[in-house]
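Encoded as structure tokens, the structure appears first; notes follow it.
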Amino acid sequence: MEKVIKKTPYLLFLLVIPLLASVYQFLNTRSHKAVDISTSIDQAIPFLPIFIIPYILWYAYIFCYLIYFCFKDTKVYLKTLLLIVIAELICFVIYFFFQTTVPRPVLVGDHILTQLVQWIYTKDRPFNCFPSIHVLTTFAVMLASLHIKNKHLLNTLFIHFLGSCIIISTLFVKQHVIFDMIGSMFLVTFLYGISFELLTFRVKEKSETVYVKNK
């Protein structure tokens, strides 16, 4: 219980997420020569409203697993959060100078799933799609989870299963195209290598120095 209390203040760093979301919303109201980078493959991907469920679950997925990381391994939590912040800031720069758009289907019917898609379409304009923040943050959590030790098998499977569903949902609800997904995964992989490999080495080196001085 004492360890939990000591780690709780680190949750305050999560406040950076709504701050980033407000920046995204500001950029999303700006329409400036948006480019359509969809391909024939994207046009062949069907619109499936059922995928709006994992798409919306993304909000809970990110927050719940970051909180889980915080109490399970604070270093992994901080590195994951740092990765996400840097990646989103890079996205914002891209959105400002190279705005993309995604063709959306005409929604027909009043089914609950269709209404949920319409709600997302209303809240999120079809701009600033490359790279996808949905894919970016989800893939960051999936990669970071590899560093969490002693996870239950079901937990491991759930992280990657739901994460994969969220990633492909961006294509099936026509919020993003393939290049958006690939761009996000490439960016995260690059930053992941820096934050989880280079920074890990430096942290260990620093801790060893402190140990020697104390000794």
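The values are calculated or read from the model by the stated rules, or taken from the named source; none is laboratory data. Just so it is clear, the structure is predicted and the values come from calculations on it, not from any experiment. Here the Cβ is made from the backbone with ideal geometry for all residues, glycine too, and neighbour counts use every protein chain on show. Please note that ligands, DNA and RNA were not included when accessible areas were found on the heavy atoms of the full protein model with its side chains. Shrake-Rupley method; radii C 1.70, N 1.55, O 1.52, S 1.80 Å.
Below, the figures for the structure above:
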read-out	value
Which listed residue is touching a Phe, Trp or Tyr at 6+ places or on another chain (Cβ under 6 Å) and either under 18 Å from residue 59 (Cβ atoms) or open to solvent by 20 Å² or more (accessible area, probe 1.4 Å) (or both), from 164, 169	169
Verdict on residue 74 being modelled with pLDDT of 95 or more, among the hydroxyl-bearing types (Ser, Thr, Tyr), more than 24 Å from residue 171 (Cα to Cα) and surrounded by 14 or more Cβ atoms within 10 Å (Cβ to Cβ)	no
Number of the exception - residue 195 against (1) at pLDDT 95 or above; (2) surrounded by 14 or more Cβ atoms within 10 Å (Cβ to Cβ); (3) hydroxyl-bearing (Ser, Thr, Tyr)	(1)
Residue within segment 7-20 that is closer than 20 Å to residue 87 by Cα, polar (S, T, N, Q) and surrounded by 10 or more Cβ atoms within 10 Å (Cβ to Cβ) present	no
Counted residues, segment 105-129 - those being open to solvent by 50 Å² or more (accessible area, probe 1.4 Å) and closer than 23 Å to residue 164 by Cβ	1
Some residue of segment 50-67 being assigned to a loop (DSSP other than H, G, I, E, B) and open to solvent by less than 60 Å² (accessible area, probe 1.4 Å)	no
